[in-house]
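Each remark here refers to the structure printed beneath this line.
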Amino acid sequence: MIFPKKRGFLLVCCLLLLCGCGGSPEEKRDRFFSRGERFFREGNYVRAAVEFKNALQIDPRFAFGYYRLGMVYLKQGKLRAAYGALSRAVELDPELLGARLARGQILIMAHQVDRALEEAEYVLAREPENQEAILLKATALLGQHKEEAAEKILEDLRKKEPSLPAPYLMLATIHLKRKEPKKAQRYLEELLTKHPGHEQATVMLAQILEKEKRFDEAEKLYLSLVSRAPKSKGPRVMLAGFYERRDNRKKAEEVLRELLAQYPEDEEVYLILADFYRRYGEKERFVKVLEDGISRVPDSFALRSVLSGYYFAWGKRARAYTLLEDYLRRDKTPQALQARFLKATFLVREGKREEALQELERILRENPGDVRAHTLKGDLLFKKGDFVGAIAEYRAALKEEPNSVELMLRLARAHFKNGDLSLAEDTYKRILKISPKRKEAYFGLAEVYNRKGKLDLARREIEKILQADPDDVEALRMLVGLYLREKKWEEAVAQIKQHIARRPDNIHYRLMLGELYFSQKNFAAARKALEKALELDPQNPGVLFSLGRLAREEGVLEEAISYYEKLKARNPHHPVVNLLLAQLYGEAGAYKKACRIYEEVLDRNPKNLIAANNLAFYLAEYEPSPENLSRAESLMRPWVEKFPKQPELVDTLAWIKYRQGQYDRARELLEGLGDKVKKYPVISYHLGMVYYRLGEKERALEYLKEALKGQKGFPGRKEAERVVQSLEKV
């Protein structure tokens, strides 16, 4: 790194001396900065961040302050925030090479190897022998699949600096990727002669031996790490992992238990052991370890976080909240805000959004720069439809992380929903400058242009996605939709066919073509497209579903049933498939099969309204035994009490009463629907039959004729025709 600890410390001292001892802004800035450096060295990154931010408030153009803040975020694993701070440092001082190298490492982690290589080259142009820059360049070249170029750089560095471990490790990794374990082993063994006991080299070598089934030798290496560093946790954890992979769970547990005995007040060890029990489904021991940990380390948020998350997931929500509230009472430091944020997320999951917002407000009062709190608050306001409020929150978060693509995507969507199309467009374009491959930004721009009526521009953005990923189904679907908006059916079909030609094995494209033809009532073309898709994947659920729907539309019920039976065989408990299949059996007159499926659905979910209503109606219509009518009534009564004005439900219960001979009660139910009755032929038929049984012939004729007005079929239509004929003869 460009600023090792000693150089960084000397620089700070020089700055302090230059600033003098007065109360100038520079002196205040440097005092905050000095405290930040001290906290950083101590590993107290939360306090370090606070001090560096204080320094930057005094001097917003303090490049080195942004650099060190970026390093804090990097240590905390906050990569987006780290990247933002480091970028600001480089913007203010392009020659701050340490910031460039740190930013390069983040770019590597983000798989943006081209940009990481640019950072490395920039540094090497100024410091050709900079080892960190050389290693960054080699890593970037590996990311570009230029292994030979990377290998040459690493070999040269290894020869110049034979005691530097990194080249050996990277060269070994290259050979492992090439499936050349012997060559990798030689590099690792050479490194271990220079640095006996080097942890990473030992682990890599042990892993090679494991793959070669040389388990005794691998075990010796893991044990050697433990013996070399008896007070270090890492080697014991790796040894336990080795025993787990060997299916020696007992030994793995012993190692972890010994580690806990050695570190009885280390939260990390409790978490490792708890996770061990979680993997094997030992819930009681999992909880016991965490509870023991909390009793020994009561100020540990990590332990409470895991245990409260477990309680919440398993429905013990009161316990989850109690754990967090207890922590909030104990800890008044900024770290307590983590517990409050977790509480807010629990409230969101429970649907208690207003309470969650209150918790987030409390967090932001204590820490106005809390990015997570601003982001979640923005998300909640967005869901409420308060887009102006959401925009304010996302902007506040972006002040802390100005280059966060995720935050910018949220902001752009909020602008779009708020009708600020130009702001949304600008934000999406800004995203693409930072991250040129983000599909969401191209989709977002397409939506903006679509809303503006600039359909050519919208199509151009979607075409960019398809150029990069010819198999992107959502992109093609949106492109087709843009053509359909202008009623350009032929162009829409042509686009799908063009992409099928490019990707003939893409079933989703053929399915899309079939659906488009289906929507145009071109059933022959739809069938051809869908059957070709079925050839590619005979069990594809989307294709089977569409073919079943097509067969039903064509009136070929047996074929439709066969497709849905295949879907049911793939997923026997899928409620939609079961309901559709039962409906098809009903239409085909196979009422017993339909009833059996409805019973299956209700066995799994007694609250399925459609299954309850249809089963009750079938029992009343086709098998009206006293037992079946009683069962049908028990199914429907609770639903009618809950939805007393829902015509379909009231009608079913009324028909049950009719079948039971309770004509007055049936009349009362149906007349309660008022004018809604005549909107449904089957309900008009039922009320007509009720009047017929009650001897009110004129009213019976009125409603029965109303039912028969159209050509639509319904259960009982022939009976309605018969009764009308008999009444008209009188």
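Observations on the structure shown:
- Yes/no for Glu447 being more than 30 Å from Leu86 (Cβ to Cβ), surrounded by 17 or more Cβ atoms within 10 Å (Cβ to Cβ), in contact (Cβ under 8 Å) with a residue 24 or more places away in the chain and among the acidic types (Asp, Glu): yes
- Options Lys213, Lys179; residue that is under 35 Å from the mean Cα position of the chain (by Cα) and assigned to a loop (DSSP other than H, G, I, E, B): Lys179
- When Pro230, Pro264, Pro298, Pro235 are checked against the criterion of being closer than 30 Å to Pro181 by Cα, of a type outside the set (S, T, N, Q) and not in a helix (DSSP H, G or I), a single residue qualifies: Pro230.
- Condition met for Arg527 (within 30 Å of Gly589 (Cβ to Cβ) and buried (at least 17 other Cβ atoms within 10 Å of the Cβ)): yes
- One residue stands out among those in region 472-484 that are in contact (Cβ under 8 Å) with a residue 12 or more places away in the chain and not aliphatic (A, V, I, L, M): the one that is surrounded by the fewest Cβ atoms within 10 Å (Cβ to Cβ), which is Glu474.
- Residue in region 534-548 that is under 25 Å from Gly713 (Cβ atoms), loosely packed, with under 15 Cβ neighbours inside 10 Å and modelled with pLDDT under 95 present: no
- Matching residues, region 268-282, being surrounded by 14 or more Cβ atoms within 10 Å (Cβ to Cβ) and either at pLDDT below 95 or not in a helix (DSSP H, G or I) (or both): Glu282
One line per residue, one yes/no per condition, for (1) in a helix (DSSP H, G or I); (2) at pLDDT 95 or above:
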| residue | (1), (2) |
| --- | --- |
| Val577 | yes, no |
| Gln583 | yes, no |
| Ile597 | yes, yes |
| Asn613 | yes, yes |
| Leu619 | yes, yes |
| Pro624 | no, no |
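- The number of residues in region 599-611 that are outside any helix (DSSP H, G or I) and in contact with a helix residue (DSSP H, G or I) (Cβ under 6 Å, 6 or more places away or on another chain) comes to 1.
- The residues listed here are Leu135, Leu142, Leu101; of these, the one that is under 30 Å from Glu27 (Cα atoms) and either crowded, with 21+ Cβ neighbours inside 10 Å or of a type in the set (A, V, I, L, M, F, W, C) (or both) is Leu101.
- In region 296-313 there is no residue that is of a type outside the set (Gly, Ala, Ser), exposed (fewer than 15 other Cβ atoms within 10 Å of the Cβ) and out of contact with any Phe, Trp or Tyr (no Cβ under 9 Å at 6 or more places or on another chain).
- From the options Leu670, Leu704, Leu687, residue that is over 19 Å from Glu728 (Cβ atoms), without any contact (Cβ under 8 Å) to a residue 40 or more places away in the chain and either touching a helix residue (DSSP H, G or I) at 6+ places or on another chain (Cβ under 8 Å) or of a type outside the set (Gly, Ala, Ser) (or both): Leu670
- Lys697 fulfils the conditions (1) out of contact with any Leu (no Cβ under 6 Å at 6 or more places or on another chain); (2) within 21 Å of Leu670 (Cα to Cα) except for a single criterion, (1).
- Being closer than 24 Å to Ile561 by Cβ and out of contact with any Pro (no Cβ under 8 Å at 6 or more places or on another chain) holds for only one residue in Glu633, Glu641, Glu668, Glu599, and it is Glu599.
This table checks each residue for (1) over 22 Å from His573 (Cα atoms); (2) of a type in the set (D, E, K, R).
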residue	(1), (2)
Asn613	no, no
Ala620	yes, no
Glu623	yes, yes
Arg631	yes, yes
Leu635	no, no
Glu648	yes, yes
Thr652	yes, no
Ile656	yes, no
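- For Arg395, the criteria (1) over 23 Å from Pro298 (Cα atoms); (2) touching a Leu at 6+ places or on another chain (Cβ under 8 Å); (3) crowded, with 16+ Cβ neighbours inside 10 Å hold in every case but one, which is (3).
- Tallying residues that are more than 23 Å from Ala720 (Cα to Cα) and in contact (Cβ under 8 Å) with a residue 24 or more places away in the chain within region 603-625 yields 7.
- In region 317-427, counting only helices (runs of 4 or more DSSP H) that sit wholly within it, the ones holding 2 or more residues that are of a type in the set (Phe, Trp, Tyr) span 317-330, 336-349, 387-400.
- Only residues that are surrounded by 15 or more Cβ atoms within 10 Å (Cβ to Cβ) and over 13 Å from Leu154 (Cβ atoms) were counted in region 167-182, giving 2.
- Flag for Tyr83 being in a helix (DSSP H, G or I), under 32 Å from the mean Cα position of the chain (by Cα) and not acidic (Asp, Glu): yes
- Any hit, region 498-515, residues being outside any loop (DSSP other than H, G, I, E, B), of a type in the set (Gly, Ala, Ser), surrounded by 15 or more Cβ atoms within 10 Å (Cβ to Cβ) and under 31 Å from the mean Cα position of the chain (by Cα): yes
- Scanning region 663-695 for residues that are surrounded by fewer than 16 Cβ atoms within 10 Å (Cβ to Cβ) and not in a helix (DSSP H, G or I) yields a count of 3.
- Region 528-542 residues that are touching a residue at least 24 places away in the same chain (Cβ under 8 Å), paired with ones that are crowded, with 17+ Cβ neighbours inside 10 Å and not in a helix (DSSP H, G or I) (beta carbon under 9 Å, 6 or more apart): Ala533/Asn540; Leu536/Asn506
- Of all residues in region 554-586, exactly one satisfies the criterion of being surrounded by fewer than 15 Cβ atoms within 10 Å (Cβ to Cβ) and either within 21 Å of Arg717 (Cα to Cα) or aromatic (Phe, Trp, Tyr) (or both), namely Gly555.
- Taking the numbered list (1) of a type in the set (Lys, Arg); (2) under 19 Å from Asp471 (Cβ atoms); (3) surrounded by fewer than 15 Cβ atoms within 10 Å (Cβ to Cβ) in turn, Lys487 passes all entries but (2).
- Of all the numbered requirements in (1) within 19 Å of Ala620 (Cα to Cα); (2) in contact (Cβ under 8 Å) with a residue 24 or more places away in the chain; (3) in a helix (DSSP H, G or I); (4) not aromatic (Phe, Trp, Tyr), Pro715 misses one, and that requirement is (3).
- Condition check for Phe286: closer than 30 Å to Pro230 by Cβ, free of Cβ contacts under 8 Å to residues at least 40 places away in the same chain and part of a helix (DSSP H, G or I): yes
- The set of residues in region 641-662 being crowded, with 16+ Cβ neighbours inside 10 Å, in contact (Cβ under 8 Å) with a residue 12 or more places away in the chain and not charged (D, E, K, R) consists of Pro647, Leu649, Val650, Thr652, Leu653, Ala654, Trp655, Ile656, Tyr658, Gln660.
The values are calculated or read from the model by the stated rules, or taken from the named source; none is laboratory data. All of these numbers come straight from a predicted model, not from anything done at the bench. Cβ coordinates were reconstructed from backbone atoms using ideal geometry, including for glycine residues, and neighbour counts include every protein chain displayed.
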